[in-house]
Amino acid sequence: MTSNVEIICGACGQESLLKRVPAYDGFKKVGERLICASCGHEYADEAEVPFKQRRKPKVFDDSDAPRVIRVFDETEAERLCRHCKHYVVNPFVQRCGKHGKVVEATDTCRDFAKKSAPPGKTTLTP
């Protein structure tokens, strides 16, 4: 398997590709040969290869970044049903244990009561 990388060859002066060709001693791989694809010049090692510098053009700057939109208040998610002690999770449906009605995890209620932290944990993570 060969891998190609752009170089400017020191022997022919052309912008070319570097071919990495496996070197074998019988059936055992002993290394790689680094060869210019244009002229066939072989480089002794990786340090000798004149790689072409790749510069990505900077199209956008920081002023083009989208501004952060905050739709909800930071504390609004704390009163969701999924954080309530009356929230009962079932594989088929979620229910409010206090009202006995079907709810979603993102619903809210005026009778919200925060869950206590499980043993060993100090805070609840949403």
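We did not get these values from a lab; they are worked out from the coordinates using the rules stated. What you see is a predicted model, and the numbers here were worked out from it, not measured in a lab. For neighbour counting, all protein chains shown are included, and Cβ atoms are generated from backbone atoms with ideal geometry for every residue, glycine included.
In whole Hz, what ³J(HN,Hα) sequence does segment 94-110 give by Karplus (6.51, -1.76, 1.60; θ = phi - 60°), x for Gly and Pro?
Those phi angles translate into 9, 10, 8, x, 7, 9, x, 10, 6, 10, 9, 4, 9, 6, 10, 8, 6 Hz.
Please compute the modelled spin-label separation between V68 and Q94, points set 7 Å along Cα→Cβ, answer in nm with one decimal.
Once both label points are built, they end up 2.6 nm from each other.
Amide H neighbours of H86 under 5 Å, at least 5 residues apart or on other chains, H built in the peptide plane: list them.
A113
Once the piece of chain linking V5 and F51 is laid out straight, how much longer is it, given 0.36 nm per residue of separation minus the C-alpha distance between them?
15.8 nm
Report the relative contact order of the chain, percent, no decimals, based on alpha-carbon pairs under 8 angstrom and at least 6 residues apart.
On the way: 158 pairs, mean separation 18.3, N = 126.
Once divided by the residue count of the chain, the mean separation gives 15 percent.
Could I have the simple spin-label model distance between K58 and H41, label points 7 Å from Cα toward Cβ, reported in nm to one decimal?
3.3
In segment 5-126, how many lysine pairs have Cα atoms under 21 Å apart, counting only pairs 8 or more places apart or on different chains?
So the count works out to 12.
Quick one: which residues, 5 or more positions from R33 or on another chain, have an amide H under 5 Å from its amide H? H modelled 1.01 Å from N in the peptide plane, none for Pro or chain starts.
V21, A23
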